[in-house]
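Participant: What follows is a structure written as C-alpha cells; I'll ask about it next.
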Amino acid sequence: MEDPVKRLHKFRNRIAHHEGIWHLPLEARRDDIQRVLAFIAPAAAAWVADASRIDDVLARRP
C-alpha cells in the first residue's frame, strides 16, 4: 500500500498536467491531504478542516 505522500505526489502530477481527476477517489485524496498536513502543522490542519469547502464542491461534482 502506498503512503499518503506518494498518492498526493501522483495526484499533484495529474493536476499539474491538466489531466482529469473527477473519476479519482477525491474524498480519499482529501483525507490524505489532511493526514499529511496534520503531521506537518496540526494547527493548520485543524484550520483547513474547519474552513475547507471541498465537501460542498464534491457534492456538486458531475
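The values are calculated or read from the model by the stated rules, or taken from the named source; none is laboratory data. What you see is a predicted model, and the numbers here were worked out from it, not measured in a lab. Here the Cβ positions follow ideal geometry from the backbone for every residue, glycine too, while neighbour counts run over all protein chains shown. The accessibility values were calculated without ligands, DNA or RNA, using every heavy atom of the protein model including side chains. Shrake-Rupley method; radii C 1.70, N 1.55, O 1.52, S 1.80 Å.
Participant: For a quick check of understanding: with a 1.4 angstrom probe and all protein chains in place, what accessible area in square angstrom does ARG35 have, to the nearest ten?
Facilitator: 110 Å²
Participant: Students often get this wrong, so try it: which of (1) 1.67; (2) 0.98; (3) 0.93 is Rg/Rh (Cα atoms, Kirkwood Rh) as calculated from the structure shown?
Facilitator: Computed from these coordinates, Rg/Rh (Cα atoms, Kirkwood Rh) corresponds to label (2).
Participant: For region 1-43, what is the charge dipole size about the Cα centre, in debye to the nearest 20, if Lys and Arg each add +1 at the Cβ and Asp and Glu each add -1 at the Cβ?
Facilitator: 100 debye
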